[in-house]
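Below is one structure, written out as C-alpha coordinates; comments come after it.
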Amino acid sequence: MSYEEAKKRYAALGIDADAAIRTLKEVPVSLHCWQGDDVRGFDTDPSKPLTGGIQTTGNYPGRARNPEELMADLDEVIRLVPGTPKMNLHASYAIFENGEWADRDKLEPKHFQKWVEFCKKRGLGCDFNPTFFSHPKCDPLTLSSPDEATRKFWIDHGKACIRISTYLAEELGQPCVMNIWTGDGFKDIPGDRMGPRVRYRESIDAILSEPYDFKKVKPCIESKVFGIGVEAYTVGSAEFALSYAAMNMDKCIPLMDNGHYHPTEVVSDKIPALLAFFPEIALHVTRPIRWDSDHVVLFDDETKEIAREIVRCGGLRGRVNLALDYFDASINRIAAWAVGFRNFQKALLFALLQPADELKALQDESRFTDLLVAQEELKTLPFGEVWDEYCRFCGKPLDGEWYPQVKEYEQKVLVNRK
Ligand code: RNT
Ligand code: ZN
(Lines give C-alpha, C1' and ligand atoms only; values in the text may rest on other atoms or scores of the structure.)
(Ligands and ions follow the chains in the order given, each with its own letter.)
Protein backbone atom coordinates (compact mmCIF):
# COMPACT_ATOMS: atom_id res chain seq x y z
CA MET A 1 0.00 0.00 0.00
CA SER A 2 1.23 3.52 -0.79
CA TYR A 3 1.05 6.53 1.50
CA GLU A 4 -1.63 8.01 -0.78
CA GLU A 5 -3.82 4.95 -0.26
CA ALA A 6 -3.20 4.94 3.48
CA LYS A 7 -4.07 8.63 3.62
CA LYS A 8 -7.45 7.86 2.02
CA ARG A 9 -8.23 5.20 4.61
CA TYR A 10 -7.62 7.78 7.35
CA ALA A 11 -9.47 10.51 5.46
CA ALA A 12 -12.55 8.27 5.33
CA LEU A 13 -12.62 8.55 9.13
CA GLY A 14 -12.14 12.31 9.01
CA ILE A 15 -8.44 12.12 9.87
CA ASP A 16 -5.90 14.33 8.05
CA ALA A 17 -2.64 12.36 7.91
CA ASP A 18 -0.70 15.21 6.27
CA ALA A 19 -1.70 17.52 9.12
CA ALA A 20 -0.61 14.94 11.73
CA ILE A 21 2.80 14.70 10.06
CA ARG A 22 3.23 18.47 9.92
CA THR A 23 2.19 18.91 13.55
CA LEU A 24 4.50 16.25 14.96
CA LYS A 25 7.58 17.54 13.19
CA GLU A 26 7.47 20.74 15.29
CA VAL A 27 7.05 19.11 18.72
CA PRO A 28 10.20 19.25 20.86
CA VAL A 29 11.11 16.06 22.71
CA SER A 30 14.10 16.15 25.03
CA LEU A 31 16.86 13.71 24.31
CA HIS A 32 18.59 12.72 27.57
CA CYS A 33 22.36 12.95 27.24
CA TRP A 34 22.85 10.35 29.99
CA GLN A 35 21.95 7.33 27.81
CA GLY A 36 25.33 7.71 26.10
CA ASP A 37 27.62 7.16 29.08
CA ASP A 38 25.55 5.22 31.63
CA VAL A 39 24.76 8.39 33.66
CA ARG A 40 28.41 8.94 34.65
CA GLY A 41 28.97 12.55 33.66
CA PHE A 42 32.29 14.36 33.52
CA ASP A 43 32.66 16.03 36.90
CA THR A 44 33.44 13.12 39.21
CA ASP A 45 35.61 10.00 39.08
CA PRO A 46 33.98 7.82 36.38
CA SER A 47 35.00 4.64 38.19
CA LYS A 48 32.79 5.56 41.18
CA PRO A 49 29.37 3.93 41.25
CA LEU A 50 26.15 5.66 40.33
CA THR A 51 24.22 6.53 43.50
CA GLY A 52 20.77 7.87 44.34
CA GLY A 53 18.88 4.62 43.86
CA ILE A 54 19.30 4.48 40.08
CA GLN A 55 21.28 1.84 38.26
CA THR A 56 22.68 1.05 34.86
CA THR A 57 23.40 -2.59 34.20
CA GLY A 58 25.47 -4.13 31.45
CA ASN A 59 28.86 -3.31 29.94
CA TYR A 60 28.25 -3.24 26.21
CA PRO A 61 31.33 -1.77 24.54
CA GLY A 62 31.42 1.81 23.28
CA ARG A 63 30.41 3.99 26.23
CA ALA A 64 31.21 7.66 25.58
CA ARG A 65 34.12 8.61 27.86
CA ASN A 66 34.38 12.35 27.31
CA PRO A 67 32.45 15.31 25.88
CA GLU A 68 33.80 14.80 22.35
CA GLU A 69 32.66 11.18 22.22
CA LEU A 70 29.28 11.96 23.76
CA MET A 71 28.68 14.78 21.27
CA ALA A 72 29.71 12.57 18.34
CA ASP A 73 27.28 9.90 19.54
CA LEU A 74 24.51 12.45 19.97
CA ASP A 75 25.09 13.62 16.40
CA GLU A 76 24.70 10.06 15.23
CA VAL A 77 21.37 9.76 17.10
CA ILE A 78 20.14 13.09 15.73
CA ARG A 79 20.83 11.81 12.20
CA LEU A 80 18.62 8.80 12.89
CA VAL A 81 15.51 10.27 14.45
CA PRO A 82 12.64 12.24 12.90
CA GLY A 83 11.06 15.17 14.72
CA THR A 84 12.54 17.94 16.86
CA PRO A 85 14.99 16.74 19.47
CA LYS A 86 15.92 19.10 22.30
CA MET A 87 19.04 18.44 24.40
CA ASN A 88 18.64 17.43 28.02
CA LEU A 89 21.73 17.81 30.20
CA HIS A 90 22.59 17.03 33.78
CA ALA A 91 24.83 19.36 35.77
CA SER A 92 27.37 16.52 36.02
CA TYR A 93 28.03 17.00 32.29
CA ALA A 94 29.80 20.32 32.90
CA ILE A 95 32.79 20.71 30.60
CA PHE A 96 35.96 21.94 32.29
CA GLU A 97 38.88 23.30 30.36
CA ASN A 98 42.56 23.88 30.98
CA GLY A 99 42.71 21.73 34.10
CA GLU A 100 40.05 23.84 35.83
CA TRP A 101 37.38 22.11 37.94
CA ALA A 102 34.44 23.42 39.96
CA ASP A 103 32.37 21.59 42.54
CA ARG A 104 28.63 21.42 42.00
CA ASP A 105 27.83 24.39 44.24
CA LYS A 106 30.20 26.54 42.18
CA LEU A 107 29.11 25.61 38.67
CA GLU A 108 28.72 28.51 36.27
CA PRO A 109 27.18 29.09 32.86
CA LYS A 110 30.65 29.05 31.31
CA HIS A 111 30.96 25.36 32.15
CA PHE A 112 28.14 24.76 29.67
CA GLN A 113 29.39 27.03 26.92
CA LYS A 114 30.57 24.08 24.82
CA TRP A 115 27.08 22.62 25.06
CA VAL A 116 25.55 25.92 24.01
CA GLU A 117 27.80 25.91 20.95
CA PHE A 118 26.79 22.33 20.24
CA CYS A 119 23.07 23.20 20.48
CA LYS A 120 23.36 26.42 18.47
CA LYS A 121 25.08 24.69 15.57
CA ARG A 122 22.28 22.16 15.40
CA GLY A 123 19.40 24.51 16.21
CA LEU A 124 18.50 22.69 19.41
CA GLY A 125 16.98 23.98 22.65
CA CYS A 126 18.27 22.58 25.93
CA ASP A 127 16.73 21.36 29.18
CA PHE A 128 18.73 20.99 32.39
CA ASN A 129 18.92 19.00 35.63
CA PRO A 130 20.79 19.65 38.85
CA THR A 131 22.63 16.45 39.78
CA PHE A 132 21.86 15.47 43.37
CA PHE A 133 23.56 12.04 43.18
CA SER A 134 26.91 10.33 42.53
CA HIS A 135 28.86 12.84 44.63
CA PRO A 136 30.76 12.63 47.95
CA LYS A 137 28.45 15.25 49.51
CA CYS A 138 25.45 12.88 49.38
CA ASP A 139 25.48 11.96 53.08
CA PRO A 140 23.50 9.95 51.68
CA LEU A 141 20.74 12.59 51.80
CA THR A 142 21.04 15.88 49.94
CA LEU A 143 18.31 18.55 50.10
CA SER A 144 16.62 16.71 52.97
CA SER A 145 19.75 16.05 55.01
CA PRO A 146 19.65 16.87 58.74
CA ASP A 147 23.13 18.37 58.32
CA GLU A 148 22.97 22.07 57.58
CA ALA A 149 26.25 22.21 55.67
CA THR A 150 25.15 19.36 53.40
CA ARG A 151 21.83 21.05 52.74
CA LYS A 152 23.51 24.35 52.00
CA PHE A 153 25.88 22.75 49.50
CA TRP A 154 22.99 21.20 47.59
CA ILE A 155 20.83 24.34 47.80
CA ASP A 156 23.73 26.29 46.34
CA HIS A 157 23.95 23.66 43.61
CA GLY A 158 20.26 24.13 42.84
CA LYS A 159 20.65 27.91 42.67
CA ALA A 160 23.68 27.59 40.39
CA CYS A 161 21.56 25.38 38.13
CA ILE A 162 18.84 28.03 37.92
CA ARG A 163 21.45 30.52 36.70
CA ILE A 164 22.75 27.98 34.18
CA SER A 165 19.18 27.24 33.01
CA THR A 166 18.60 30.97 32.45
CA TYR A 167 21.79 31.06 30.41
CA LEU A 168 20.69 28.07 28.30
CA ALA A 169 17.22 29.54 27.71
CA GLU A 170 18.57 32.96 26.74
CA GLU A 171 21.35 31.69 24.51
CA LEU A 172 19.16 29.18 22.70
CA GLY A 173 15.92 31.15 22.59
CA GLN A 174 13.80 28.30 23.95
CA PRO A 175 12.54 27.74 27.51
CA CYS A 176 14.69 25.51 29.69
CA VAL A 177 12.87 22.89 31.74
CA MET A 178 14.92 22.40 34.93
CA ASN A 179 14.05 19.22 36.77
CA ILE A 180 14.64 18.75 40.49
CA TRP A 181 14.92 15.09 41.45
CA THR A 182 16.82 13.65 44.38
CA GLY A 183 17.29 10.03 45.36
CA ASP A 184 16.91 10.96 49.03
CA GLY A 185 15.40 8.13 51.03
CA PHE A 186 16.11 5.15 53.28
CA LYS A 187 16.73 1.47 52.78
CA ASP A 188 14.76 0.50 55.86
CA ILE A 189 11.88 1.70 57.99
CA PRO A 190 12.55 5.33 58.99
CA GLY A 191 12.35 6.66 62.53
CA ASP A 192 11.11 9.99 61.17
CA ARG A 193 9.24 10.40 57.93
CA MET A 194 8.15 14.01 58.18
CA GLY A 195 11.45 15.67 59.18
CA PRO A 196 13.22 14.96 55.87
CA ARG A 197 10.15 16.06 53.91
CA VAL A 198 9.88 19.38 55.74
CA ARG A 199 13.60 19.98 55.14
CA TYR A 200 13.20 19.01 51.46
CA ARG A 201 10.34 21.51 51.13
CA GLU A 202 12.40 24.27 52.73
CA SER A 203 15.39 23.46 50.53
CA ILE A 204 13.34 23.66 47.33
CA ASP A 205 11.92 26.98 48.59
CA ALA A 206 15.49 28.21 49.03
CA ILE A 207 16.52 27.08 45.52
CA LEU A 208 13.49 28.72 43.94
CA SER A 209 14.25 31.98 45.78
CA GLU A 210 17.01 32.43 43.20
CA PRO A 211 15.53 34.91 40.69
CA TYR A 212 14.38 33.56 37.32
CA ASP A 213 11.81 34.30 34.65
CA PHE A 214 9.22 31.50 34.82
CA LYS A 215 8.59 31.90 31.09
CA LYS A 216 12.22 30.99 30.40
CA VAL A 217 13.15 28.63 33.23
CA LYS A 218 10.63 26.01 34.23
CA PRO A 219 11.63 24.25 37.44
CA CYS A 220 9.95 20.85 37.85
CA ILE A 221 9.53 18.62 40.88
CA GLU A 222 9.84 14.91 40.03
CA SER A 223 8.46 12.30 42.41
CA LYS A 224 9.49 8.70 42.90
CA VAL A 225 8.10 5.66 44.68
CA PHE A 226 11.39 3.94 45.59
CA GLY A 227 14.92 3.29 44.39
CA ILE A 228 17.58 0.59 44.68
CA GLY A 229 18.97 0.85 48.22
CA VAL A 230 16.18 3.24 49.21
CA GLU A 231 13.37 0.73 49.17
CA ALA A 232 11.51 1.67 52.35
CA TYR A 233 11.08 5.41 52.08
CA THR A 234 11.46 8.12 49.43
CA VAL A 235 11.47 11.71 50.64
CA GLY A 236 10.17 13.10 47.34
CA SER A 237 7.15 10.81 47.10
CA ALA A 238 4.22 11.39 44.73
CA GLU A 239 2.16 13.22 47.35
CA PHE A 240 5.14 15.34 48.35
CA ALA A 241 6.08 16.40 44.81
CA LEU A 242 2.53 17.05 43.67
CA SER A 243 1.67 19.01 46.81
CA TYR A 244 4.80 21.10 46.41
CA ALA A 245 3.98 21.90 42.80
CA ALA A 246 0.32 22.62 43.61
CA MET A 247 1.24 25.02 46.43
CA ASN A 248 3.80 26.79 44.23
CA MET A 249 2.07 26.92 40.85
CA ASP A 250 3.52 30.32 40.08
CA LYS A 251 7.08 28.96 40.42
CA CYS A 252 7.27 25.35 39.26
CA ILE A 253 5.48 22.47 37.58
CA PRO A 254 5.02 18.80 38.49
CA LEU A 255 6.98 16.14 36.59
CA MET A 256 5.79 12.57 36.26
CA ASP A 257 8.18 9.78 35.28
CA ASN A 258 6.14 6.74 34.28
CA GLY A 259 8.65 4.46 36.01
CA HIS A 260 7.96 6.06 39.36
CA TYR A 261 4.59 4.67 40.39
CA HIS A 262 3.19 1.42 41.72
CA PRO A 263 3.01 -1.17 38.93
CA THR A 264 -0.78 -0.96 38.43
CA GLU A 265 -0.84 2.85 38.33
CA VAL A 266 -0.63 4.45 34.89
CA VAL A 267 0.65 7.91 34.02
CA SER A 268 -1.71 8.07 31.02
CA ASP A 269 -4.58 8.46 33.48
CA LYS A 270 -2.70 10.99 35.61
CA ILE A 271 -2.01 13.38 32.71
CA PRO A 272 -5.60 14.65 32.37
CA ALA A 273 -5.99 14.67 36.16
CA LEU A 274 -3.07 17.07 36.51
CA LEU A 275 -4.04 19.13 33.47
CA ALA A 276 -7.41 19.79 35.10
CA PHE A 277 -5.43 21.95 37.57
CA PHE A 278 -1.96 22.80 36.24
CA PRO A 279 -1.46 25.00 33.17
CA GLU A 280 1.68 22.99 32.41
CA ILE A 281 3.16 19.65 33.40
CA ALA A 282 6.31 17.72 32.44
CA LEU A 283 6.91 14.05 31.68
CA HIS A 284 9.80 11.61 31.74
CA VAL A 285 8.89 8.89 29.30
CA THR A 286 10.52 5.57 30.15
CA ARG A 287 9.63 1.89 30.55
CA PRO A 288 9.41 0.26 33.93
CA ILE A 289 9.74 -3.50 34.20
CA ARG A 290 8.58 -4.53 37.68
CA TRP A 291 10.55 -1.68 39.25
CA ASP A 292 11.80 1.67 37.93
CA SER A 293 14.13 -0.15 35.57
CA ASP A 294 14.47 2.60 32.93
CA HIS A 295 14.31 0.21 29.98
CA VAL A 296 14.24 1.55 26.41
CA VAL A 297 10.84 3.05 25.47
CA LEU A 298 8.73 0.74 23.28
CA PHE A 299 5.80 1.37 20.95
CA ASP A 300 3.62 -0.40 23.50
CA ASP A 301 0.12 0.09 24.83
CA GLU A 302 0.89 2.39 27.74
CA THR A 303 3.26 4.56 25.69
CA LYS A 304 0.47 4.90 23.09
CA GLU A 305 -2.06 5.73 25.80
CA ILE A 306 0.28 8.37 27.29
CA ALA A 307 0.62 9.89 23.81
CA ARG A 308 -3.16 9.79 23.25
CA GLU A 309 -3.73 11.75 26.46
CA ILE A 310 -1.01 14.26 25.62
CA VAL A 311 -2.56 14.89 22.21
CA ARG A 312 -6.20 15.07 23.20
CA CYS A 313 -5.54 17.24 26.27
CA GLY A 314 -3.84 19.82 24.05
CA GLY A 315 -0.45 18.84 25.42
CA LEU A 316 1.33 19.46 22.14
CA ARG A 317 0.34 23.12 22.28
CA GLY A 318 2.76 23.85 25.10
CA ARG A 319 1.02 22.28 28.09
CA VAL A 320 3.11 19.12 28.36
CA ASN A 321 6.90 19.25 28.36
CA LEU A 322 8.20 16.00 26.89
CA ALA A 323 11.44 14.25 27.77
CA LEU A 324 12.85 10.75 27.55
CA ASP A 325 14.55 9.15 30.54
CA TYR A 326 16.04 5.67 30.30
CA PHE A 327 19.50 4.13 30.31
CA ASP A 328 20.55 0.73 29.09
CA ALA A 329 24.22 -0.27 29.14
CA SER A 330 23.61 -3.84 27.96
CA ILE A 331 22.96 -3.05 24.28
CA ASN A 332 24.34 -0.64 21.69
CA ARG A 333 23.69 2.70 23.39
CA ILE A 334 23.05 4.58 20.16
CA ALA A 335 20.49 2.03 19.03
CA ALA A 336 18.89 2.30 22.49
CA TRP A 337 18.67 6.07 22.18
CA ALA A 338 17.36 5.99 18.60
CA VAL A 339 14.82 3.22 19.01
CA GLY A 340 13.35 4.83 22.14
CA PHE A 341 13.13 8.25 20.50
CA ARG A 342 11.61 6.77 17.34
CA ASN A 343 9.11 4.76 19.38
CA PHE A 344 7.90 7.80 21.23
CA GLN A 345 7.56 9.61 17.89
CA LYS A 346 5.52 6.66 16.65
CA ALA A 347 3.27 6.84 19.69
CA LEU A 348 2.70 10.57 19.18
CA LEU A 349 1.99 10.11 15.46
CA PHE A 350 -0.39 7.24 16.25
CA ALA A 351 -2.16 9.52 18.72
CA LEU A 352 -2.40 12.35 16.19
CA LEU A 353 -4.13 9.92 13.83
CA GLN A 354 -7.03 9.29 16.19
CA PRO A 355 -10.43 10.92 15.61
CA ALA A 356 -10.39 12.43 19.09
CA ASP A 357 -13.55 14.54 18.69
CA GLU A 358 -15.57 11.61 17.39
CA LEU A 359 -14.44 9.32 20.20
CA LYS A 360 -15.32 11.98 22.75
CA ALA A 361 -18.77 12.41 21.18
CA LEU A 362 -19.43 8.66 21.34
CA GLN A 363 -18.58 8.70 25.03
CA ASP A 364 -20.67 11.79 25.78
CA GLU A 365 -23.62 10.19 23.97
CA SER A 366 -23.12 6.99 26.02
CA ARG A 367 -22.59 4.98 22.82
CA PHE A 368 -20.12 2.66 24.53
CA THR A 369 -20.42 -0.27 22.11
CA ASP A 370 -19.67 2.07 19.19
CA LEU A 371 -16.74 3.49 21.15
CA LEU A 372 -15.27 0.06 21.83
CA VAL A 373 -15.58 -1.03 18.20
CA ALA A 374 -14.18 2.25 16.86
CA GLN A 375 -11.17 2.20 19.17
CA GLU A 376 -10.34 -1.40 18.30
CA GLU A 377 -10.61 -0.86 14.55
CA LEU A 378 -8.30 2.16 14.71
CA LYS A 379 -5.53 -0.22 15.75
CA THR A 380 -5.27 -1.91 12.35
CA LEU A 381 -5.33 1.13 10.08
CA PRO A 382 -2.23 1.35 7.82
CA PHE A 383 -0.14 3.29 10.33
CA GLY A 384 3.20 2.03 8.96
CA GLU A 385 2.69 3.93 5.70
CA VAL A 386 2.09 7.19 7.54
CA TRP A 387 5.12 6.56 9.72
CA ASP A 388 7.32 6.02 6.66
CA GLU A 389 5.97 9.22 5.11
CA TYR A 390 6.73 11.09 8.35
CA CYS A 391 10.35 9.87 8.28
CA ARG A 392 10.65 10.92 4.62
CA PHE A 393 9.08 14.32 5.42
CA CYS A 394 11.71 14.84 8.14
CA GLY A 395 14.49 13.60 5.83
CA LYS A 396 15.36 10.77 8.23
CA PRO A 397 15.87 7.03 7.67
CA LEU A 398 12.86 4.69 7.59
CA ASP A 399 12.54 1.58 9.73
CA GLY A 400 14.97 -0.90 8.25
CA GLU A 401 17.37 1.86 7.17
CA TRP A 402 18.64 3.38 10.41
CA TYR A 403 19.95 0.32 12.23
CA PRO A 404 22.55 -0.59 9.56
CA GLN A 405 23.94 2.93 10.07
CA VAL A 406 24.32 2.24 13.80
CA LYS A 407 26.15 -0.99 13.06
CA GLU A 408 28.49 0.82 10.72
CA TYR A 409 29.19 3.49 13.37
CA GLU A 410 29.81 0.73 15.89
CA GLN A 411 32.43 -0.85 13.64
CA LYS A 412 34.05 2.45 12.69
CA VAL A 413 33.94 4.26 16.03
CA LEU A 414 32.57 2.44 19.06
CA VAL A 415 34.72 -0.71 18.97
CA ASN A 416 37.83 1.46 19.26
CA ARG A 417 36.80 2.75 22.68
CA LYS A 418 38.55 0.31 24.94
C1 RNT B 1 15.58 8.77 38.56
C2 RNT B 1 14.84 9.85 37.88
C3 RNT B 1 15.68 10.93 37.25
C4 RNT B 1 16.93 10.40 36.59
C5 RNT B 1 17.69 11.40 35.74
C6 RNT B 1 19.06 10.93 35.45
O7 RNT B 1 14.80 7.75 38.96
O8 RNT B 1 14.00 9.31 36.92
O9 RNT B 1 14.92 11.68 36.39
O10 RNT B 1 16.67 9.28 35.81
O11 RNT B 1 17.66 12.63 36.34
ZN1 ZN C 1 13.03 10.58 35.55
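The values are calculated or read from the model by the stated rules, or taken from the named source; none is laboratory data. Keep in mind that this is a model prediction, so the values were computed, not measured. Cβ: placed from backbone, ideal geometry, glycine included. Neighbour counts: every protein chain shown. These accessible areas exclude ligands, DNA and RNA; they are computed on the full protein's heavy atoms, side chains included. Shrake-Rupley method; radii C 1.70, N 1.55, O 1.52, S 1.80 Å.
A compact table of results
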quantity	calculated
Table column - 3J(HN,Hα) (Hz), region 251-257, Karplus curve with 6.51, -1.76, 1.60, x for Gly and Pro	10, 7, 10, x, 10, 10, 9
Distance-filtered residues of region 335-349 - backbone nitrogen under 19 Å, label point 7 angstrom along R22 Cα→Cβ	349
Distance in nm between pseudo-label sites at N59 and E358 (7 Å out along the Cβ direction from Cα)	5.5
Per residue value of the accessible surface for the chain (all protein chains in place, 1.4 Å probe), Å²	43
Mean-position separation - Cα centroids, region 199-226 and region 1-72, in angstrom	25
Carbon and sulfur %, accessible surface of the chain computed with the full protein complex present, 1.4 Å	53
Degrees between helix 148-172 axis and first principal axis of the chain (Cα, 0 to 90, nearest 10)	40
Rounded FRET efficiency, nearest 0.05, which uses the C-beta distance separating T264 from K110 and R0 of 41 Å	0.30
Between region 237-297 and region 345-405, the alpha-carbon center distance in angstrom	24
Q375 versus R392: modelled label distance in nm, points set 7 Å from Cα along the beta carbon direction	3.3
Mean ellipticity per residue at 222 nm, deg cm²/dmol - from DSSP H runs of n ≥ 4 across the chain, formula -39500 (n - 2.57)	-13000 deg cm²/dmol
Karplus 3J(HN,Hα) series, Hz, for region 282-293 with 6.51 cos²θ - 1.76 cosθ + 1.60 (x for Gly, Pro)	10, 10, 10, 8, 8, 9, x, 10, 6, 10, 5, 8
Gaussian network model of the chain, Cα within-10 Å springs - most flexible of V198, V320, V339	V198
Placed amide H near T84: partners under 5 Å, 5+ positions off or other chain	V27, V29
Candidates L348, L107, L381: whichever shows maximal mean-square fluctuation once the chain is modelled as a Gaussian network with Cα springs under 10 Å	L381
Separation of alpha-carbon centers, region 168-189 and region 83-108, rounded to whole Å	13
Label-point separation in nm, V415 to N248, each point 7 Å along Cα→Cβ	5.1
Sequence-separation-based contact order of region 24-127, relative, with Cα cut under 8 Å and 6+ spacing, percent	38
Helix axis angle, 368-378 relative to the chain longest principal axis, alpha carbon, degrees	90
S47 - accessible surface, heavy atoms, 1.4 Å probe, Å² rounded to 10	90
